[in-house]
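The block underneath contains the structure these notes are about, expressed in structure tokens.
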Amino acid sequence: MAGSRTGETDAARNRLARRRQPFRVFLLVQAIIQGVWEAVGKLKEEGLSILLVEQNAHLALKLVDYVHVMSKGNVVYSAKPAELKANEEIKSSYLGI
């Protein structure tokens, strides 16, 4: 009987580990993203110009000095981040925010 309980316990642990795996991957991805953004921020502080192509508008707007919104390969809007944040039409039409 003890053997079957041990087997059941091991099986339960394995199921739990498999369920946790996607969450661990998510945490790893978040850590990598955070590291990249910190590195880009440091490069900016050092005075480097950076062309950043990013789909996460909320994150990008915290870091950039100027924004170009593109659609189908064309620039449809250019402004400073504060101006973009105030432009509801562009945000809803192109950024989904």
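Answer yes or no: is there a residue in region 30-42 that is on the phi > 0 side of the Ramachandran plot and exposed (fewer than 13 other Cβ atoms within 10 Å of the Cβ). Checking region 30-42: not a single residue is on the phi > 0 side of the Ramachandran plot and exposed (fewer than 13 other Cβ atoms within 10 Å of the Cβ). Do the conditions hold for ALA82, that is, is it closer than 19 Å to VAL40 by Cβ and in a helix (DSSP H, G or I)? No; evaluated as a whole, the condition is false for this residue.
Within region 23-47, the set of residues being of a type in the set (Gly, Ala, Ser) and outside any helix (DSSP H, G or I) comprises just one member, GLY47. Within region 44-57, residues that are under 16 Å from VAL75 (Cβ atoms) sit with their Cβ atoms under 6 Å from residues that are in a loop (DSSP other than H, G, I, E, B), at 6+ positions apart or across chains, in these pairs: ALA57/ILE97.
In summary, ILE50 fulfils each of the numbered conditions (1) exposed (fewer than 10 other Cβ atoms within 10 Å of the Cβ); (2) assigned to a loop (DSSP other than H, G, I, E, B); (3) of a type outside the set (Ser, Thr, Tyr) with the single exception of condition (1).
With respect to the conditions (1) surrounded by 15 or more Cβ atoms within 10 Å (Cβ to Cβ); (2) assigned to a strand (DSSP E or B), VAL75 lacks only one, and its number is (1).
Does LEU84 fit the bill of being aliphatic (A, V, I, L, M) and surrounded by fewer than 10 Cβ atoms within 10 Å (Cβ to Cβ)?
no
Within region 53-71, the set of residues being outside any loop (DSSP other than H, G, I, E, B) and in contact with a Pro (Cβ under 9 Å, 6 or more places away or on another chain) comprises ALA60, LEU61, VAL67.
Read-outs throughout are calculated quantities, based only on the coordinates presented, and are distinct from any laboratory measurement. Source: prediction; values computed, not measured. When we count neighbours, we look across all protein chains shown, and the Cβ atoms used for this are built from the backbone with ideal geometry, even at glycine.
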